[in-house]
Amino acid sequence: MVDAADSVLPCICGTGELIAVGSDIRKLSLLLLFLPFSLWILLLIILPHVGMVVLSLREKVAPRVYEFGFGNYIDFFMEPIYWNTLIRTGLMSLLVTFLALLIGFPVAYYIAKLAGNRTKGMLFMLCLIPLWVSDLIRAFGWILLLRESGIISSFLMSSGLIDTPIEFLYTDATVIMGLVYTVMLFMIVPLVSTLDGMDNAMIEAGYNLGGNGFTVLRRIIIPYAMPGIVSGCIVVFMMTAGSYLTPILMGGKNSSWFTEQIYDQFISRYNWESGAAFGFLLLAFTSVVVWLGLKLSGQTLSSTVAKS
Amino acid sequence: MLIRGTGSGAGSVLFKLYVLAFFIFLAAPLLAAGMFAFNDSQFPSLPWQGFTLDWFFNDTEPKLGMFHDRRLLRGLNVSFMIAVSVALLSVFVGTCNAFLFVRGRFPGKNFFYILMVLPLVIPGVILGISILALASNVANGVEEAYNLELEFLRPGLLLVILGQFSFITTITSLVITARLKKFDISLEEAAFNLGASRAGVLRTITLPFLRPAMIAAGIVAFLVSFENFNTTLFLVGSDAPLTITMYDRMVKVGSTPVLNAVSVFLMLGSGVLALISLLVQRDKPKT
């Protein structure tokens, strides 16, 4: 995608004289353009992450005395609560990703292929509306619906289906539903844009060659939509594993999400070394999962997420 | 019968019902958060006590409306300042990045492009702690070596802005890059042939072409910044933006419907901004 634009460059200058002058100017402007990019990536992404790794390798041996060592990582693996939380976060994030794909794919397909031209745009916009509303408000809305004195419980009471109020919050199922809700749009948007580019004739051809609905879905539609599926899954998985608000608000104290452990180490215990180690472990863990996903699906980062 | 399902048939009806149910699922929490802003009750729960606008405009306790609640208003103001700074900064860098990656030719371009996209998939919590740790380290180092206190590297507005800027710039870069790729280079050639200067061409032809994307990217950046929580949580100082103020209230004090009123206010605000970004992006007859 990027390379295609390269060939456009040389044709700006008309005469030979201009090319000489132009190439100096071009080098200068390239440097000038590279400056904000490199400052941003270097100062706000690379250096902080290198710093985080260095910090995580500092072992506290006495008050205000530190040594280089893997103590923080050893602590992590020695304490089952820590790595159990990480594994739990990972598994639940995978489940959320899978559910989001399962629920979102038919909706994306409907929007991209079945809806009429006018409803299509409208439905797509409807999908985006929750995107513009803060996580906090969405979780707040769910709390009002699901808590013991909430709308659903009151409604069931007044309709006589139950006698005592039911608490729907603070269960794993609620957390998973809340997370699926939060990340759904990041699944649907890439799916709609890939499916949109698909020629309907391909599907028709599948049917004409005698395929049934399921075969066409499996052999034609899904392979075509693969970059969108993988892209959506990566973003959704990373967002879920890194989310903080939804698990804590909808799961309460028992949600044991790994980001809560990081927050706890950093802010409550003021143990930055161990918090940095946890942060690095979360990043490494999620990156390995994403890498595995890319390998298994035969995609690359630049064919999915990095595609604009 | 997937593609032909636009017509009638039981399968098609079921499919439509499914899509309908999905949109009800999407709307449910937003409606729940919104409706209690108008309920004349101390608590955001049923039964319905009648319609009121007190949670917006009333100026006395116990039903203090959001427009008279000092802490909420201060949070709103802080969020607004942060969001405007982040939007301006990230649109500027995003525009530079778009030119860099669409027009520039340099070794390792694909590698750098992936670096540019990367911040989008780094969990916000990790961006927050890593920037906090680096800034504090630098501040501590300077303090020890030169006995100089660099206040701006401590948790506070600047760090919040930088933390949000660090990943929002990826979004603005992608939006503006997509638009610049559609630019017809012959327009610039024509202007050069007619004797226009580089700056002139940029100002009168290329930037106006990019303007809709720049505005849309700015609006997205503003909204994402406004609603950000994860990164902000670690970098926030004494000036708490609105999301942090609301969260504190939700967790510590227990919620009164004033939070619902704020939710309605924010939803309306984002709705208007989203509409604006749609309108500016609508393609006019080709320039």
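The values are calculated or read from the model by the stated rules, or taken from the named source; none is laboratory data. Predicted model, so just to flag it, every value in this text is computed and none were measured. Virtual Cβ from ideal backbone geometry, glycine too; neighbours counted across all protein chains shown. Only protein heavy atoms, including side chains, enter the accessible area calculation; ligands, DNA and RNA are left aside. Shrake-Rupley method; radii C 1.70, N 1.55, O 1.52, S 1.80 Å.
Things worth noting here:
- Each listed q (0.07, 0.09, 0.10, 0.12 Å⁻¹) maps to a log10 I(q)/I(0) for the protein assembly as shown from the Debye sum over equal C-alpha point scatterers, namely -0.48, -0.80, -0.98, -1.36.
- Chains A and B together bury some 8500 Å² of accessible area, summed over both sides, with a 1.4 Å probe.
- FRET E, pair A:Glu148, B:Phe23, Förster distance 22 Å, beta-carbon r, rounded to 0.05: 0.20
- Take B:Ile276: with every protein chain present and a 1.4 Å probe, its accessible area is about 70 Å².
- Estimated FRET transfer efficiency (B:Asn77, B:Glu143; beta-carbon r; R0 25 Å; 0.05): 0.25
- When each full DSSP H helix of chain B is screened for a Cα extent of at least 24 Å along its own axis and an average Kyte-Doolittle hydropathy of at least 0.0, the helices passing are B:10-35, B:70-103, B:124-146, B:157-181, B:207-227, B:258-281.
- Helices that extend 30 Å or more along their long axis by alpha-carbon positions and average at least 0.0 on the Kyte-Doolittle scale are, among the DSSP H runs of chain A, A:16-39, A:80-109, A:172-196, A:272-297.
- Pairs from B:Lys109/B:Lys181; B:Lys109/B:Lys182; A:Lys120/B:Lys181 whose Cα-Cα separation, in the structure shown, is over 23 Å: A:Lys120/B:Lys181
- Chain A: most fluctuating residue of A:Phe258, A:Phe70, A:Phe280 per GNM, C-alpha cutoff 10 Å: A:Phe70
- The residues A:Thr85, B:Thr60, sorted by heavy-atom accessible surface at 1.4 Å with ligands and nucleic acids left out, run B:Thr60, A:Thr85 from largest to smallest.
- With a simple spin-label model that places each label point 7 Å from the Cα along the Cα-to-Cβ direction, the separation between B:Arg105 and A:Met226 comes to 3.3 nm.
- Counting only heavy atoms of the protein chains and using a 1.4 Å probe, A:Trp132 has close to 40 Å² of accessible surface.
- For the stretch A:71-303, the solvent-accessible area works out to 43 Å² per residue, with a probe of 1.4 Å and every protein chain left in place.
- Projected area, mean over directions - the stretch A:71-303, Cα convex hull, nm²: 16.7
- Per-residue accessible area (protein heavy atoms, 1.4 Å probe) orders B:Ser238, A:Ser154, B:Ser270 as B:Ser238, A:Ser154, B:Ser270, starting from the largest.
- Exposure rank, largest accessible area first [A:Met157, A:Met122; 1.4 Å]: A:Met122, A:Met157
- FRET efficiency estimate (nearest 0.05) - Cβ-Cβ, B:Ile114 to A:Asn200, R0 45 angstrom: 0.85
- Solvent-accessible heavy-atom area per residue, rounded to whole Å², over chain B at 1.4 Å: 46
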